[in-house]
């Protein structure tokens, strides 16, 4: 049985993950409006992944006898100045999610909730990968600078991303 403290924290995290999905969908829409369909594809896939993360929490809460309580999802930002700004905000957001996951691990440890601790380990590892992927794209954008040809090539590369990459 899940404690009330862990249950509240997991319900809060469901909202965080759904917001992440919504934010990345907004970023995808931004890139679509700029005819940067590869970047849009990358963020659309990120949006789907974040929704899947929310559903992992949703399913786990139900499996351990908790009750999922959904909350309002805040509207995301819709405009940015550049691709670099989008990715820097993405990295900051992923660092925020990493901090939230670490807080959840701390709460599960305090509550001696071993099932939740085990469940959360996947998210700890996932966040390392998420931050590294975004940081890699920031490095590529830094190398490209104002080179439109480089941006075009990166757009093509991101357009080749398929779900699960």
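The values are calculated or read from the model by the stated rules, or taken from the named source; none is laboratory data. Bear in mind that the values here come from a model prediction, so they are computed numbers and not experimental data. FYI the Cβ positions are ideal-geometry reconstructions off the backbone, even for glycines, and counts take in every protein chain you see.
Please verify whether residue 99 is within 12 Å of the chain's Cα centre (by Cα), part of a helix (DSSP H, G or I) and either exposed (fewer than 14 other Cβ atoms within 10 Å of the Cβ) or without any contact (Cβ under 8 Å) to a residue 60 or more places away in the chain (or both), treating the condition exactly as stated.
no
Looking only at the stretch 75-104, which residues are touching a helix residue (DSSP H, G or I) at 6+ places or on another chain (Cβ under 6 Å) and either within 30 Å of residue 116 (Cβ to Cβ) or at pLDDT below 95 (or both)?
Residues satisfying the conditions are 76, 90, 91, 94, 98, 100, 101, 104.
Residues of the stretch 13-57 being within 14 Å of residue 120 (Cα to Cα) and surrounded by fewer than 18 Cβ atoms within 10 Å (Cβ to Cβ), which ones?
Hits for the stretch 13-57 are 55, 56.
Counting just the residues of the stretch 118-144 that are free of Cβ contacts under 8 Å to residues at least 40 places away in the same chain and surrounded by 15 or more Cβ atoms within 10 Å (Cβ to Cβ), which one comes out nearest to residue 55 (Cα to Cα)?
This residue is 120.
Looking only at the stretch 134-165, count how many residues are over 20 Å from the mean Cα position of the chain (by Cα) and at positive phi.
1
So which residues in the stretch 24-39 are more than 15 Å from the chain's Cα centre (by Cα) and in contact (Cβ under 8 Å) with a residue 60 or more places away in the chain, if there are any at all?
The answer is 36, 37, 38, 39.
Give me a count of the residues in the stretch 105-135 that are in contact with a helix residue (DSSP H, G or I) (Cβ under 6 Å, 6 or more places away or on another chain), more than 26 Å from residue 43 (Cβ to Cβ) and assigned to a helix (DSSP H, G or I).
Number of matching residues: 6.
In the stretch 45-92, what count of residues is obtained for those that are over 11 Å from the mean Cα position of the chain (by Cα), over 13 Å from residue 17 (Cα atoms) and part of a helix (DSSP H, G or I)?
Total satisfying the criteria: 12.
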